[in-house]
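First the structure, in the form of structure tokens, and then the observations on it.
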Amino acid sequence: MISNAIKEGINGTPNIPGDKSISHRSIIIPSISNGICEINNLLKSEDVLHTLNAFRSMGVKILEEDSKIIIYGKGLNSLKQPKDDIYLGNSGTSARLLTGLLSSQKFNSIITGDKSLSKRPMERISNPLSKMNAKIQTTNGSLPLKIKGNNLISCEIDLEIPSAQIKSGLLLASLNTKGETRITEYKVTRDHTETMLKAFGADIEIKKTDIKKVIKINGGKELKSKNIDVPNDLSSSAFFIVSALINHNSHVVLKKINNNPTRNGLINALKKMGAKISLLNKRITNDEEICDIEVTYSKLNGCDLGPEFADLMIDEYPILAVAASFANSPSIFRGLNELKVKESDRLKLILVNLKNCGVNCKVENNDLYIYPSEKYEIKNNVIQTDFDHRIAMSFAIMGTRIGPLEISESGSINTSFPTFKDELNRLGGNFF
Ligand code: S3P
């Protein structure tokens, strides 16, 4: 697809879809709870539909009525062995979370995925689970995974890699494990799983200090279902926030956006850069903070962000790098090693594609340096995405300012934001 430069700016209120992380959990947790859960505003993107189909294949009744999804949960031990391998497409979140859950079931299962997911590291989840006596065989460290259902043993685990996917996989494994499992994290990761488990009545206790967070969970307690209203996704909003910031004559308002403090590093980073962003109507739904976000075109300053920002906005660096390319001074974003093991090697693709767009930038010791200039001469307008949705959307936004850019393999956008193109064009973009 081609993303072309625009003159009139990006204006209006884009329809941002439901939060991807919360949508996955909204299927997984009610599927193993007792009772009926009505989910409003579930993200119906490819990644989430893979999670949904996985639970259908394990015998969970899941219906779609009007705009709602209804899940009929029958408790912790109600899942049935699927007839086929569980195929999870591009979705790392589904893979890590389900590995934890499946390792504590009474049946064996196999998880597979697409080309990109099959390259991603899975020992980061199978190794900590093996401390609980999980029996997981990887294929050279990646998918396919063969999981032998087992009675797990509760224990104490320190999260060596800061990852909500690993933490959540362990939490889901411990739900079905007798005794107290204790998980300690030393860096902040998104907390949607523990928040939802608490709301569903899990025997969970969370203690935070300045240096760590300890989650204790006593397995075996049945969960009770609740209805869920999924907030809209801040990570998907990020593309529209930056499109308004970098294009003259722009003003957007985004509604009902998830403003969870373990996720909203991008807002703080952009404000630090001088962005005109207002968070309005802050409120709480399903124990998650949400708000409306108003953004106006702004002349940004460069900034130096430490690795603590990476913990709070790891998915947003591709689009932040685009924003930084239009600042009036250089930026340094530090500690981006985890970016290399996302849907693609994002650190490499940010660099390659920014350079192709004419931006002077470099990576040293996993720190990204961006030296913006007044005007860019595109060297190669074909954007390499390696089927990564966030790289594709970030450079579609770059195209609104300097296009035309050709975004290769843009079908990946369907993994998280199927209506992205229509929404961008509705607000004044030129992506065809
Ligand atoms: C996610 C956690 C993050 C994030 C991913 C979604 C989740 O991964 O990058 O897009 O829903 O738990 P890590 O936890 O591995 O950092």
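Quick check on segment 288-307. Is at least one of its residues within 21 Å of the chain's Cα centre (by Cα), surrounded by 15 or more Cβ atoms within 10 Å (Cβ to Cβ), in contact (Cβ under 8 Å) with a residue 60 or more places away in the chain and assigned to a loop (DSSP other than H, G, I, E, B)?
No; the residues of segment 288-307 include none that is within 21 Å of the chain's Cα centre (by Cα), surrounded by 15 or more Cβ atoms within 10 Å (Cβ to Cβ), in contact (Cβ under 8 Å) with a residue 60 or more places away in the chain and assigned to a loop (DSSP other than H, G, I, E, B).
Pick from segment 134-146 the residues that are assigned to a loop (DSSP other than H, G, I, E, B) and within 22 Å of G89 (Cα to Cα): which of them is farthest from the chain's Cα centre (by Cα)? Talk me through it step by step, then tell me what you get.
Taking segment 134-146 and keeping what is assigned to a loop (DSSP other than H, G, I, E, B), we get 134, 140-141.
Retained after the next criterion (residues that are within 22 Å of G89 (Cα to Cα)): 140-141.
Numbers: N140: 25, G141: 22 Å.
Across segment 134-146, the extreme among qualifying residues is N140.
Residues that are surrounded by 19 or more Cβ atoms within 10 Å (Cβ to Cβ) and in contact with a Cys (Cβ under 6 Å, 6 or more places away or on another chain), at least 1 per element: which strands (runs of 3 or more DSSP E) completely within segment 326-431 meet that? Please lay out each step first, then the result.
Values: elements: 331-333, 360-364, 367-371, 405-407.
Ranges flagged: 331-333, 367-371.
What are the pairs, 6+ residues apart or on separate chains, where a residue within segment 163-179 that is under 11 Å from L76 (Cα atoms) has its Cβ under 9 Å from a residue that is part of a helix (DSSP H, G or I) and within 11 Å of the ligand (Cβ to nearest atom)?
L172/I28; L172/L97; L172/T193
What pairs come out if I take residues in segment 53-64 that are in the same structural domain as K80 (by TED's automatic domain parsing) and pair them with residues that are assigned to a strand (DSSP E or B) and surrounded by 15 or more Cβ atoms within 10 Å (Cβ to Cβ) whose C-beta lies under 6 Å away, six or more apart or interchain?
A54/I86; R56/I62; K61/Y72; I62/I71; L63/I70
Among the residues of segment 17-50 satisfying the criterion of being more than 16 Å from the ligand (Cβ to nearest atom) and touching a Leu at 6+ places or on another chain (Cβ under 8 Å), which is most open to solvent (accessible area, probe 1.4 Å)?
Checking each candidate, the answer is N34.
Take S154 and tell me if it is buried (at least 18 other Cβ atoms within 10 Å of the Cβ) and more than 15 Å from the ligand (Cβ to nearest atom).
When the stated conditions are applied, S154 passes them.
Residue-wise test of (1) polar (S, T, N, Q); (2) free of Cβ contacts under 8 Å to residues at least 24 places away in the same chain; (3) out of contact with any Phe, Trp or Tyr (no Cβ under 7 Å at 6 or more places or on another chain).
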| position | (1), (2), (3) |
| --- | --- |
| G100 | no, no, yes |
| S104 | yes, no, yes |
| I110 | no, no, yes |
| K131 | no, no, yes |
| A134 | no, no, yes |
| Q137 | yes, yes, yes |
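So, in segment 177-223, how many residues would count as being more than 16 Å from the ligand (Cβ to nearest atom) and either modelled with pLDDT under 95 or among the charged types (D, E, K, R) (or both)?
13
How do the strands (runs of 3 or more DSSP E) wholly within segment 1-99 filter down when requiring 3 or more residues that are under 19 Å from S174 (Cα atoms) and of a type in the set (D, E, K, R): which remain? Walk me through how you get there before you give the answer.
Working: elements: 34-40, 61-65, 68-74.
Output list is empty.
The values are calculated or read from the model by the stated rules, or taken from the named source; none is laboratory data. Note that the coordinates shown come from a computational prediction; the quantities given were computed from them, not determined experimentally. Don't worry about glycine lacking a Cβ; one is built from the backbone with ideal geometry, like all the others, and counts go over all protein chains shown. Please note that ligands, DNA and RNA were not included when accessible areas were found on the heavy atoms of the full protein model with its side chains. Shrake-Rupley method; radii C 1.70, N 1.55, O 1.52, S 1.80 Å.
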